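See structure below.
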Amino acid sequence: MNFHVLTLFPEMIEQGLGTSITGRAMNKGLVSLHAVNIRDYAANKHKKVDDYTYGGGAGMLMQAQPVYDACMAVQESLEKPARVVYMTPQGSIFNQEKAKELALEEDLIILCGHYEGIDERVLEEVVTDEISIGDYVLTGGELPAMVVIDTISRLIPGVLGNGVSADTDSFMNGLLEYPQYSRPEIWRDKAVPPILLSGDHAKVDRWRKQQSLLRTKQRRPDLYEKYMKEHPDAEKDCK
Ligand code: 9D3
């Protein structure tokens, strides 16, 4: 999968995703990341890409022309037009389902705004999807773009090492993760739940399922409701 990120801060994207699992995925050639500096498409000699808003109000807006030219340069480099995802607080809130949908694309163009946003006319021309990562205010779309790329990348076959399947991971089944323990058996007077040392795998599985259900009920009643609607006979596992 090829990510093309249109941004005024390409080094932020490269630095943020160049390490750890996403960095390894790039080195293995499973994903590629092209951070395109929108400023490189400024048509004036000062490389200015922002201006005041018509109608007044505080702050500067990213102008249509450099955003359009940067986007078109990427589109023209591709064999078929790619979806263009605009990271914006006004978008639909990102989730695992949207990540799965986007993971099916060969190329994805991700547009990051800064300042007070982008001239509406270019958005109408190029954007196919609008995504927010949640109801809090950030300074720009770069961190959200990294969140989206990280989430999609780990769904691509081979990105997670040694046979770990993203699909059997916690949360993907609609429940929160059960608690986990490693050595030592006793730490600061706290023991590992004895059932985990019993060697009875069926019992361990049942306990973990119970813990997942309990945790989800207590911490994420919204997820719990949804899960119970989809698994009407699961309530007894919680007891
Ligand atoms: C101060 C300007 N705000 C006027 C009410 C609007 C605004 C525009 C741009 C607020 C924040 C931003 C920068 N944020 C993003 O570009 C962004 C974002 C976010 O802030 N929260 C959650 N998801 C996203 S995706 C892009």
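Assorted remarks:
- Column: log10 I(q)/I(0), Debye, Cα scatterers of the range 1-127, q = 0.12, 0.18 Å⁻¹: -0.49, -1.06
- Farthest toward positive dipole pole in the chain [+1 Lys/Arg, -1 Asp/Glu at C-beta], among GLN65, SER77, LEU214: LEU214
- Net charge of Cβ neighbours under 12 Å - reference THR7; Lys, Arg +1; Asp, Glu -1: -3
- Rg followed by Dmax, in Å, when the chain is reduced to its Cα trace: 22.6, 72
- Stokes-Einstein translational diffusion, the range 168-237 - Kirkwood Rh over all Cα pairs, 0.890 mPa s, 25 °C, in µm²/s: 184 µm²/s
- Taking amide H atoms as placed 1.01 Å from N in the peptide plane, the amide H of HIS34 lies under 5 Å from those of PHE3, HIS4, VAL5, each 5 or more residues away in sequence or on another chain.
- Of all accessible heavy-atom area on the range 108-237, the percent that carbon and sulfur account for (1.4 Å): 50 percent
- Amide H contacts of ILE118 (H built 1.01 Å from N, under 5 Å, at least 5 apart or other chain): MET62
- Heavy-atom surface of the chain, accessible at 1.4 Å and reported per residue (Å²): 61 Å²
- A simple charge model with +1 on the Cβ of Lys and Arg, -1 on the Cβ of Asp and Glu and nothing else charged puts the dipole of the chain at about 1240 debye relative to its Cα centre.
- Under-5 Å amide H pairs with GLU130, H placed in peptide plane, nonlocal only: TYR86, SER92
- Rg/Rh for the range 20-92 stands at 1.06; both radii use Cα atoms, and Rh follows the Kirkwood definition.
- Per residue, the convex hull volume that the Cα atoms of the range 90-209 enclose (Å³): 166 Å³
- For LEU78, the shell of other residues with beta-carbons less than 13 Å away shows a net charge of -3, using +1 for Lys and Arg and -1 for Asp and Glu.
- Beta bridges from DSSP with both residues in the chain: antiparallel share about 20 percent, rounded to the nearest 5.
- Helix-only arithmetic for the chain: the sum of -39500 (n - 2.57) across DSSP H runs with n ≥ 4, divided by the residue total, places the mean residue ellipticity at 222 nm at -11000 deg cm²/dmol.
The values are calculated or read from the model by the stated rules, or taken from the named source; none is laboratory data. Worth saying up front: this structure is predicted, and the values here are computed from it rather than measured. Backbone-built Cβ (ideal geometry, glycine too); neighbour counts: all protein chains shown. The accessibility values were calculated without ligands, DNA or RNA, using every heavy atom of the protein model including side chains. Shrake-Rupley method; radii C 1.70, N 1.55, O 1.52, S 1.80 Å.
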